[in-house]
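What follows is one structure encoded as structure tokens, with my remarks underneath.
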Amino acid sequence: MSKAFELGRKGEELAVAHLKEIGYEIVQVNWFSQHLELDIVAKDGNELVIVEVKARGSDSYEHPSEAVSNKKIRFLVNAAEAYIIEHNINCDTRFDVISIIFTRNGFELEHFKNAFYPPVG
């Protein structure tokens, strides 16, 4: 496995632990449908929360949250819509981003609630 893949998996594990710690219910991890993917699907009270996890090593120049481009946002919105239709969900939905930077001494985790809103149109 590549180093990036391993960092991503470890990042998702840390993100799941963080979300559970703050009271989220984890519904699904690594949901796939055709070419669509969601890292984490969770519930926060009555809200469905789609969580994108971005992990980087400390040697990266780009902050993990900067990797959520407009193209990635469109991809996540399309994937969320497919998930909602597939599971017949009818509740408010929001998008969070969790960024994790691995350091020599551990990691730094940032959780951005309502990180973006789906584009209109």
message = Looking only at the stretch 2-53, how many residues end up being touching a Lys or Arg at 6+ places or on another chain (Cβ under 6 Å) and on the phi > 0 side of the Ramachandran plot?
response = 0
ask   = Do you know which of the residues in the stretch 84-121 that are of a type in the set (S, T, N, Q) and loosely packed, with under 14 Cβ neighbours inside 10 Å is modelled with the highest pLDDT?
value = 88
task = Kindly provide the set of residues from the stretch 14-44 that are within 12 Å of the chain's Cα centre (by Cα), among the β-branched types (Val, Ile, Thr) and within 20 Å of residue 75 (Cβ to Cβ), ordered by number.
result = 29, 40, 41
Per-region count, the stretch 79-121, residues outside any strand (DSSP E or B), β-branched (Val, Ile, Thr) and touching a Phe, Trp or Tyr at 6+ places or on another chain (Cβ under 9 Å) = 1
message = It is to be established whether one or more residues within the stretch 86-103 are β-branched (Val, Ile, Thr), farther than 18 Å from residue 113 by Cα and without any contact (Cβ under 8 Å) to a residue 24 or more places away in the chain.
response = no
inquiry  = List the residue pairs whose Cβ atoms are under 6 Å apart, where the first residue sits in the stretch 1-29 and is at pLDDT 95 or above, the second is surrounded by 16 or more Cβ atoms within 10 Å (Cβ to Cβ) and not in a strand (DSSP E or B), and the two are 6 or more positions apart or on different chains.
reply    = 26/16
inquiry  = Which residue is farthest from residue 54 (Cα to Cα), if the candidates are limited to the stretch 68-121 and must be of a type in the set (Lys, Arg) and over 12 Å from the mean Cα position of the chain (by Cα)?
reply    = 104
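The values are calculated or read from the model by the stated rules, or taken from the named source; none is laboratory data. Values in this document were obtained by computation on a predicted structure and should not be read as measured data. Every residue, glycine as well, gets a Cβ built from its backbone with ideal geometry; the counts of neighbours run over all protein chains shown.
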